[in-house]
Structures are given as structure tokens and as C-alpha cells.
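The structure under discussion appears below in the form of C-alpha cells.
The values are calculated or read from the model by the stated rules, or taken from the named source; none is laboratory data. This structure is a prediction, so every number in the text was calculated from the model and none was measured. Here Cβ is always computed from backbone atoms with ideal geometry, including for glycine, and neighbour counts include all displayed protein chains. With ligands, DNA and RNA removed, areas are computed over all heavy atoms of the protein, side chains included. Shrake-Rupley method; radii C 1.70, N 1.55, O 1.52, S 1.80 Å.
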Amino acid sequence: MAENRKKVLLLISTTRESEKSVTRALDVAERNQAELLILFILDEELSQDIVNRMSEEGWFGGKPSERLHTAVLREYFSHGNRKIKEIEVAAKERGIAYRSIFARGKFAEVALKVIQHEQVDLIIVTRRRRSALSRFIFGSPVADLKRQSNVEIEIIDE
């Protein structure tokens, strides 16, 4: 592999993925003979939020056990691995050089570390459809990423 090959980073997570983003990343990497980096970020805070909200809504009584949180994380991990394998197969079929990275942590924080370490040329990420009020109250990891990164970001709205 050439040392100066361009790198396209496809960012996916437990809540950020779309076929449009995957197709776009594959197309760009193929057209530019770039290496495709597939980064799946397992957002542990999201699983805890889901468990907390289910508890608050009365889905189960009392405080949920750590086992429930662990089960949610395990499901996200399994889903992430399946998604990565699908993208790897598609990249291989198209003759695209690729590498996969599986990480845990806060979306923007982990993404920024990988972007810097890998010296990425282009980032492709999905932005979930949410109201402006929701983005204002809860923030936007994609907006944080865009604000903190000096790398070109292509945002695919879903």
C-alpha cells in the first residue's frame, strides 16, 4: 500500500449509519483509489441512557441491573461487528483497500482521536434527523466534530 494514499473515514455508530453513507464512502474511496477506514464507535453512554429511560417509563420495576446495561452493550457490539463485516465485503468486492476500527467512547471524542492519528483526508458521517430544539438541548456530536476537526466532512442526512 502506498504511503501517501488518501484516506476516507466512514464514521458509524450505534445510532449513526445509513446505506447512503456506506455507498458514498465506497464510491469516493474507489474513485480516488483511497483507503477506506471504517470506524464503528460503541457509545456506552447511549446504552445507559436507554436503560435509564426505559426504567423511568416503567418498562421494568426498580433500578435496572448492570446485566441489562451489559446486554444492551453486547447487542450494540454484535450489531457493529455485523455492519463492519458487510462493509468489508462490499469494499473487497470493489477492490478497495480498507481497514476497520472498533472503538468505545463518546462519538466526537473518539472520532477526533482517530482522525488525528490516521491523518484522514475526508470524513463521511450520517446525521440523524432531529428537531432544532433537540439539537439545541442535547447538542450534536456531528456539529461538535465539524467544529473541532480541520478535515473535510461530508454529512449525509437521514
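Numbers below:
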item	result
Residue, surrounded by the fewest Cβ atoms within 10 Å (Cβ to Cβ), within the range 25-77, restricted to residues that are hydroxyl-bearing (Ser, Thr, Tyr) and either in a loop (DSSP other than H, G, I, E, B) or at pLDDT below 65 (or both)	SER65
Test: residue in the range 138-147 that is open to solvent by less than 50 Å² (accessible area, probe 1.4 Å), modelled with pLDDT of 90 or more and under 17 Å from the mean Cα position of the chain (by Cα)	no
